[in-house]
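Structure first, commentary second.
The values are calculated or read from the model by the stated rules, or taken from the named source; none is laboratory data. Since the model is a prediction, treat every value here as computed from it, not as a measurement. Cβ placement follows ideal geometry from the backbone for every residue including glycine, while neighbour counts extend to all protein chains displayed. The accessibility values were calculated without ligands, DNA or RNA, using every heavy atom of the protein model including side chains. Shrake-Rupley method; radii C 1.70, N 1.55, O 1.52, S 1.80 Å.
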Amino acid sequence: MRGSGPLGRAGLALLLMAAGAGARPWPAASGDQPRSNVVLVACDSLDGRLTFFPGNETVDLPSINFMKRHGTVFLNAYTNSPICCPSRAAMWSGLFTHLTESWNNFKGLDPDYVTWMDLMEKHGYWAQKFGKLDFTSGHHSVSNRVEAWTRDVDFLLRQEGRPMVKLTGHRKRVRVMEADWQNTDKAVNWIKEEAVNLTQPFILYLGLNLPHPYPSPYAGENFGSSTFLTSPYWLEKVNYEAIKIPKWSSLSEMHPVDYYSSYTKNCTGQFTKEEVRNIRAFYYAMCAETDAMLGEIISALRDTGLLGKTIIIFTADHGELAMEHRQFYKMSMYEGSSHVPLLVMGPGVREQQQIPNVVSLVDIYPTMLDIARIPVPQNLSGYSLIPLLREKAEREASPRGPRPSWVLSEFHGCNVNSSVYMLRTGKWKYIAYSDGSSVPPQLFDLTADPDELTNVAITFPVIVRSLDKILRSIVNYPKVSSSVQKYNKQQFINWKQSLGHNYSSVIANLRWHQDWLKDQKKYENAIDKWL
């Protein structure tokens, strides 16, 4: 069953009238017209395929649908690294992961890194942030970073609790993720009490934790987050009949890196179709709750008369596999993990537009500067989205030349025992590993095989060579992989030395403790051999 969410049908009707029928002209570069306000809502783990057909059939997302009617949706937007901190580091820096060396959730940007928000503030914008940021170094659990550092060690340990669902509250319980709602309330109050009185343009950022899975304390000490939790209110927004049960390869047929990921995520056991369907349904319900928070921001802008003067951008740091390819979480180049939502509405943005071009989160940085009429640095990895968003058909040439026809994503963190590089261009997705030879590559034809079930790398060797050549022209990936391996080893040695006599006790009780404690000596010896 589906519902309208807290924004309500009447609220959406009012929004339709407030937004007006046509897109307003983009403010002239001369600076004669006032610069637009900007609101960026960035959530965590929302699969971008839910924002267009057929993924949008599974759950009611009225606020996202509103943005689509009155703005633009990007059909092929990708994360530059499918894990929280490195992805956000790319979004806030405008640079690819290997350039900032944001290798894992512990290693992001320096705290004093100059972001697009810093530049906007310097150039006259009022800047306000609420909620999750997570783009600087030094955060996340010890377990998370040790798992990343030791991924080259010759052992296989479950690092997560088995994915599960949990129903909480009653049919009228709307506020499940209380911390996110509190930050949404702060943003709404700021719009109504502060933004409305500003004499300068503003940039407002709201970071949400949802629809990231919840912590799983049942898994014991140093537990991870493998619980998909929601209330009956949100579950009623999900269309169970439209939920697709993903096809799985047998364990023996899986790509070796996929097998490692599935095992460390505790997904190689038996799952019934009912379990898989429920995990996906609860995840979609969590997406519906996320959408409602976006709706509160849109409503606040409408109520204050700011909606017509504000560009709204909605995106996520990465997606969620939700049991596709026998995995949950992200840390994968498969579509569920790497494909992110990206919607834009506001002055000068074409309405009801669907853009097929491949884009990625590094494009946020130059886009923000373009909106603020700040000169865009030439060394950025990203390209402004403004030429694609403009209502007029002509495309102004960038001083850097045309936007490339590819996007790059890379991953160097936990739950994957190799550095991974993804090149997405045209109908192809090419995935290379490590040094380019020790681990077999993957090639998917997303037009013929949108579920990425058939690796056609052996079938199309010429395509593989061509795409690998492009990839190597962007990043010397064997060299980067080697640098990450050296970094991991040195970080682990430093950490081990800092623990002294407590090392054996501490390492045994990280998230992998249930497996580790079965044969503690074996795993310590494996680490010693690696070192």
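Rounded to the nearest Hz, the phi-derived 3J(HN,Hα) couplings of the stretch 224-232 under the Karplus curve 6.51 cos²θ - 1.76 cosθ + 1.60 (θ = phi - 60°) are x, 10, 10, 10, 8, 10, 7, 10, x, where x marks glycine and proline.
Given R0 = 41 Å, the distance between the Cβ atoms of residue 479 and residue 251 translates into a calculated FRET efficiency of 0.80. Taking amide hydrogens as placed 1.01 Å from N in the peptide plane, the amide H of residue 43 sits under 5 Å from those of 208, 315, 316, 317, each at least 5 positions away in sequence or on another chain. Overall, the chain carries a charge dipole of about 240 debye about its Cα centre when +1 sits on the Cβ of Lys and Arg and -1 on the Cβ of Asp and Glu, all other atoms neutral. Counted as membrane-span-like here are DSSP H helices of the chain whose alpha-carbon atoms extend 30 Å or more along the helix's own axis and whose Kyte-Doolittle mean is -0.5 or above; these are 273-303. Of the residues 362, 456, the one with the largest accessible area comes first in the ranking 456, 362, computed with a 1.4 Å probe on protein heavy atoms. Dividing the summed -39500 (n - 2.57) terms of all DSSP H runs of n ≥ 4 by the residue count of the chain sets its mean residue ellipticity at 222 nm at -10000 deg cm²/dmol.
For the stretch 133-185, dividing the convex hull volume of the Cα atoms by the residue count gives 121 Å³ per residue.
Gain in length, residue 508 to residue 171, computed as 0.36 nm per residue apart minus the alpha-carbon separation, to one decimal in nm?
Values: separation 337, 0.36 × 337 = 121.32 nm, distance 4.20 nm.
Contour length minus the Cα-Cα distance gives 117.1 nm.
I'd like to compare 84-97, 248-261: which one has the highest average count of other Cβ atoms within 10 Å, and what's the full order after that?
Values: 84-97: 28.1, 248-261: 15.6.
Answer by packing, highest mean first, reads 84-97, 248-261.
Taking every DSSP bridge with both residues inside the chain, close to 50 percent are antiparallel. Centre-to-centre, using Cα atoms only, the stretch 404-445 and the stretch 344-361 are separated by 26 Å.
Taken as Cα centroids, the stretch 85-156 and the stretch 268-324 sit 22 Å apart, rounded to the nearest whole angstrom.
Note on exposure: 151, 403 ranked by accessible area (1.4 Å probe, complete protein assembly) read 403, 151, with the most exposed listed first.
Estimated at the nearest 10 Å², the accessible area of residue 345 is 10 Å² with a 1.4 Å probe. Equivalent-ellipsoid semi-axes for the stretch 356-447 (Cα gyration tensor, √(5λ), whole Å, largest first): 31, 16, 10.
Express the C-alpha Rg of the stretch 86-129 as a ratio against the empirical globular expectation 2.2 N^0.38 Å, rounded to two decimals.
1.23
All Cα-Cα separations within the chain were binned at 10 Å from zero, giving a P(r) of 4, 19, 30, 27, 15, 5, 1, 0, each value a whole percent of the pairs.
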